[in-house]
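J.: Please see the structure below; I have some questions.
The values are calculated or read from the model by the stated rules, or taken from the named source; none is laboratory data. What you see is a predicted model, and the numbers here were worked out from it, not measured in a lab. Quick reminder, even Gly has a Cβ in these numbers, built from the backbone with ideal geometry, and neighbours come from all protein chains shown. SASA here: full protein model, heavy atoms, side chains in, ligands and nucleic acids out. Shrake-Rupley method; radii C 1.70, N 1.55, O 1.52, S 1.80 Å.
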Amino acid sequence: MPFLLSDGTSAVTYRFGPAEYDFSQRTHIMGVLNVTPDSFSDGGMWFDPGKAVDHGMRLVTDGADFLDIGGESTRPGAEPVPAEEEIRRVIPVIRELKKRTSVPISVDTYKSDVAQKAIEAGAVIVNDITGLHHDPDIARIAAAAGVSIILMHMQGTPRTMQDNPAYDNLIEDICSYFEQSLGVARKAHVEQVIIDPGLGFGKSLEHNLGIIRHLGEFRRFGYPVMIGASRKSFIGKILDLPVGERIEGTSGAVAAAVLYGADIVRVHDVKEIKRVITVVDAIVRGDRQPVMH
């Protein structure tokens, strides 16, 4: 399955530091590690740096292919955190995990100052929830360091994004957003890009379900597609369950996402989801058509 690089050539595999992943072989897992006191999903369980590092290593043992470390909650209604505080939270964790594991580390940030410090500490991916719309300088920093960028779609800001989100055409509006993001990334010569349509980030229940149903539409760009359904509120609405009881719902959403074309799934419950996607991959891999350019 060839993917585009910034120079217009294609690659079957992506390289993240010393790791090399062929997304055509299986679905890959990004484990979530929130170093925050107020994340919706884990309530600050890993705010202590030592506990965060231990949990990160547990995610690796459970089968995570990537670790995504974030120092600012982006739950609906969340207020922004100063870059200095975000740096204080994530850098010691990134630095220590870099010593302990070869699994590629991603930093979940939309601030170039945080991205720069995280890359210096060992991160090889910048996961930008604003898709370079907030701070385009991230593209320059990533390109200079030779690291990858995840471009996510978000309507509004975390504080306002769930205030009656609306689209003229859900899929085409998101794709137009990605065209702008990719233009910035290509201009900066970012070598590797992953796209994420941003479940829950300025999306209603029906928007989220529509994105999963039409996930294959985002493969038009020729880049790997990531999806983050883990424990999201749309699952809670369907099942009428609190965040701590959404593992089965997450499993169903992840299985559907893989069936519809996800290359990477971003999740909290790595061990359980690893089992889910191993079965789904056994069923569907080989049927998926390659992206041709």
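J.: Quick one, which of (i) 0.91; (ii) 1.56; (iii) 1.42 is the actual Cα Rg over 2.2 N^0.38 Å calculated for this model?
T.: (i)
J.: If you take the square roots of the eigenvalues of the alpha-carbon gyration tensor of segment 88-165 and sort them as a ≥ b ≥ c, do you get rounded (a/c under 1.5), prolate (a/b over b/c) or oblate? Please report the intermediate quantities before stating the final value.
T.: On the way: a/c = 2.37, a/b = 1.74, b/c = 1.36.
Verdict is prolate for segment 88-165.
J.: Rounded, prolate or oblate for segment 145-281? Axes are the square roots of the Cα gyration tensor eigenvalues, ordered a ≥ b ≥ c, and the cut-off for rounded is a/c under 1.5. Working shown, then result.
T.: Values: a/c = 1.84, a/b = 1.28, b/c = 1.44.
Judged from the Cα gyration tensor, segment 145-281 comes out oblate (a/c at least 1.5, b/c at or above a/b).
J.: What pairs in 117/271; 232/274; 51/271; 203/232; 203/237; 111/232 have C-alpha atoms more than 21 Å from each other?
T.: Details: 117/271 30 Å; 232/274 18 Å; 51/271 18 Å; 203/232 11 Å; 203/237 13 Å; 111/232 24 Å.
Going by Cα-Cα distance, 117/271; 111/232 fall outside the 21 Å limit.
J.: For segment 276-282, take each phi angle, set θ = phi - 60°, evaluate the Karplus expression 6.51 cos²θ - 1.76 cosθ + 1.60, and give the result in whole Hz per residue in order, putting x for glycine and proline.
T.: 4, 6, 5, 5, 4, 4, 4
J.: When the Karplus curve 6.51 cos²θ - 1.76 cosθ + 1.60 is applied with θ = phi - 60°, which whole-Hz ³J(HN,Hα) does each residue of segment 113-128 get, with x for Gly and Pro?
T.: Result, rounded to whole Hz: 4, 5, 4, 4, 5, 5, 5, 4, 7, x, 5, 10, 9, 10, 9, 9.
J.: Now a separate question. Residue by residue through segment 130-139, which ³J(HN,Hα) values in whole Hz follow from phi under the Karplus form 6.51 cos²θ - 1.76 cosθ + 1.60 (θ = phi - 60°), with glycine and proline marked x?
T.: 9, x, 6, 7, 7, 9, x, 5, 4, 4
J.: Could you work out how much longer the chain between residue 205 and residue 275 gets when fully extended? Use 0.36 nm per residue separation minus the Cα distance between them, nm to one decimal.
T.: On the way: separation 70, 0.36 × 70 = 25.20 nm, distance 2.62 nm.
Contour length minus Cα-Cα distance gives 22.6 nm.
J.: Same structure again: Once you have a ≥ b ≥ c as the square roots of the Cα gyration tensor eigenvalues for segment 21-133, tell me rounded if a/c is under 1.5, and otherwise prolate or oblate according to whether a/b is larger than b/c. Don't jump to the answer; show the numbers that get you there.
T.: Values: a/c = 1.41, a/b = 1.28, b/c = 1.10.
Taking the square roots of the gyration eigenvalues as a ≥ b ≥ c, segment 21-133 is rounded.
J.: Going by average Cβ neighbours within 10 Å, how do the peptides 112-122, 17-27 rank, with the highest at the top?
T.: 112-122, 17-27
J.: Zone of residue 12 (label point 7 Å along Cα→Cβ, backbone N under 20 Å): which residues in segment 185-201?
T.: 192-193
J.: For a quick protection proxy, order the peptides 277-284, 138-145 by their average other-Cβ count within 10 Å, most packed first.
T.: Result, highest mean Cβ count within 10 Å first: 138-145, 277-284.
J.: Run the paramagnetic zone check for residue 172: 7 angstrom along Cα to Cβ, then residues of segment 210-236 with backbone nitrogen under 19 Å.
T.: Hits in segment 210-236 for residue 172 at 19 Å: 210-221.
J.: What trypsin sites (Lys or Arg not before Pro) does segment 185-261 have in DSSP loop regions with at most 15 other beta carbons within 10 Å? Write out the running numbers ahead of the final one.
T.: Values: sites: 186, 187, 203, 213, 219, 220, 231, 232, 237, 246; in loops: 203, 231, 232, 246.
When the trypsin sites (Lys or Arg not before Pro) of segment 185-261 are filtered for loop state and at most 15 Cβ neighbours within 10 Å, nothing remains.
J.: Over the chain, with every protein chain in place, what whole percent of the accessible area is carbon and sulfur at 1.4 Å, could you tell me? Write out the running numbers ahead of the final one.
T.: On the way: 6190 of 12070 Å².
The computed percentage sits at 51.
J.: Now for a separate question. Can you tell me the length gained on complete extension of the stretch residue 164 to residue 85, counting 0.36 nm per residue apart and subtracting the Cα distance? It would help to have the intermediate numbers written out before the result.
T.: Details: separation 79, 0.36 × 79 = 28.44 nm, distance 3.05 nm.
Separation in residues times 0.36 nm, less the Cα-Cα distance, equals 25.4 nm.
J.: I've got another one for you. So what is the relative contact order for the chain, in percent, with contacts set as C-alpha pairs under 8 Å and at least six apart?
T.: On the way: 586 pairs, mean separation 58.0, N = 293.
Rounded, it is 20 percent for the chain.
J.: Just the accessible area per residue of the chain, please: how many Å² with a 1.4 Å probe? Working shown, then result.
T.: Values: 12070 Å² over 293 residues.
It amounts to 41 Å² per residue over the chain.
J.: Turning to a different aspect of this structure: Before rounding to the nearest 500, sum -39500 (n - 2.57) across all DSSP H runs of length at least 4 in the chain and divide by the residue total; then give [θ] at 222 nm in deg cm²/dmol.
T.: Working: 9 runs with 114 residues, N = 293.
Counting only the DSSP helices, I get -12500 deg cm²/dmol.
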